[in-house]
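Below is one structure; the comments refer to it alone.
The numbers here are math on the coordinates, done by the rules we state, and not lab data. This structure is a prediction, so every number in the text was calculated from the model and none was measured. Note that each Cβ is placed from the backbone with ideal geometry, even for glycine, and that neighbours are counted across all protein chains shown.
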Amino acid sequence: MRNSEVSRSTLETRITVAVELDGTGAAELATGVGFLDHMLDQVARHGLIDLAVKAEGDLHIDAHHTVEDIGITLGQAFARALGDKKGIRRYGHAYVPLDEALSRVVIDLSGRPGLEYRVEFTRARIGDFDVDLFREFFQGFVNHAGVTLHVDNLRGINAHHQAETVFKAFGRALRMALEADPRLGDRMPSTKGTL
């Protein structure tokens with residue numbers, strides 16, 4: 001079973017994340033940030049990852065610390081659940097459209113953190129959510145999951161659609177990278193012998 005639960009507590013946030021990488025797409029989300037809950041639900045559903053996130057943060061200031069720390073904790077949970085990475089596909093990619101919007105996400109479960117993020121939202125806020133925080137979420141995730149992640153919104157007019165295509169593509173790319181490769185068996189998908 002590839003699962004884990006990680007808790008993180010600081011003076012700004014208290015977060016618990018549980019993941020089951022071989023799940024059904026079930027999500028229990030209570031972050032206090034409604035639009036982030038909606039996006040995390042996309043990751044669970046399209047990645048077929050069971051995901052539970054509970055967060056309490058200093059939302060009276062703004063959502064920055066909460067969103068960033070959820071990315072960090074989610075990354076830690078993924079790294080722990082992945083284990084030694086033997087037999088996985090390692091690489092994943094997805095293109096996802098939603099009406100006029102189209103995004104591409106490519107991931108390498110490499111053990112090396114790296115983020116290339118090219119998303120130019122057509123407006124600064126979706127409801128009361130500051131779209132700049134998505135970069136903080138993904139940066140926290142890659143730093144602590146040890147993955148290389150390329151996120152590109154290729155087109156879009158509606159900012160909600162742009163965000164949703166990014167997170168759906170993220171879920172789909174994760175799903176591909178996490179899958180067992182039957183031709184690989186229990187070997188490591190790396191010439192180095194480790195990831």
If Lys and Arg each add +1 and Asp and Glu each add -1, what is the summed charge of the other residues whose beta carbon sits under 10 Å from the beta carbon of L102? -1
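Going highest first, how would you order 125-131, 41-47, 68-74 by mean Cβ packing within 10 Å?
Working: 125-131: 15.0, 41-47: 21.1, 68-74: 24.6.
Packing order, densest peptide first, comes out as 68-74, 41-47, 125-131.
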Three-way shape label, segment 1-49, alpha-carbon gyration tensor, a/c 1.5: oblate
Folded to 0 to 90 degrees: helix 159-178 orientation relative to the chain principal axis, Cα: 20 degrees
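Quick one: compute the contact order of the chain, relative version, from alpha carbon pairs under 8 angstrom and 6+ residues apart, as a percent.
Values: 484 pairs, mean separation 51.9, N = 195.
That works out to 27 percent.
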Rounded if a/c under 1.5, otherwise prolate or oblate - segment 3-178, Cα gyration tensor axes: oblate
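Show me the three semi-axes of the equivalent ellipsoid for segment 17-101, from the C-alpha gyration tensor (sqrt of 5 times each eigenvalue), largest first, rounded to whole Å.
On the way: eigenvalues 110, 63, 28 Å².
Equivalent-ellipsoid dimensions as semi-axes: 23, 18, 12 Å.
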Per-residue HN-Hα couplings for segment 26-36, Karplus 6.51 cos²θ - 1.76 cosθ + 1.60 at θ = phi - 60°, whole Hz, x for Gly and Pro? 6, 9, 10, 10, 9, 8, x, 10, x, 5, 5
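Using the count of nearby Cβ atoms within 10 Å as a rough guide to exposure, how do K54, K168 rank from fewest to most?
Ascending Cβ contact count within 10 Å gives the list K54, K168.
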Crossing angle, helix 64-82 versus the chain [Cα axis fit, 0-90 degrees, rounded to tens]: 10 degrees
Cα-based helix-to-principal-axis angle, 133-145 vs the chain, degrees rounded to 10: 20 degrees
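Calculate the dipole size of the chain relative to its Cα centre from +1 charges on Lys and Arg beta carbons and -1 charges on Asp and Glu beta carbons; express the result in debye to the nearest 20. Could you put the intermediate results ahead of the total?
Details: 23 positive and 28 negative charges, 201 e Å.
Dipole of the chain, to the nearest 20 debye: 960 debye.
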For G87, distant residues with modelled amide H under 5 Å away: R187, M188
Expected sort for E116, E56 with the fewest Cβ neighbours (10 Å cutoff) up front is E116, E56
Return the FRET efficiency for the residue pair M188, L11: r is the Cβ-Cβ distance, R0 is 35 Å, and the value is rounded to the nearest 0.05. 0.30
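Any idea what the dipole of segment 104-195 comes to, in debye rounded to 20, about its Cα centre with Lys/Arg Cβ at +1 and Asp/Glu Cβ at -1? Before the final figure, lay out each step's value.
Working: 13 positive and 12 negative charges, 56 e Å.
So the magnitude is around 260 debye.
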H64 and R89 label points (each 7 Å along its Cα→Cβ direction) are spaced in nm at 3.7 nm
Given a Förster distance of 30 Å, report the FRET efficiency between E179 and E28 from their Cβ-Cβ distance, rounded to the nearest 0.05. 0.80
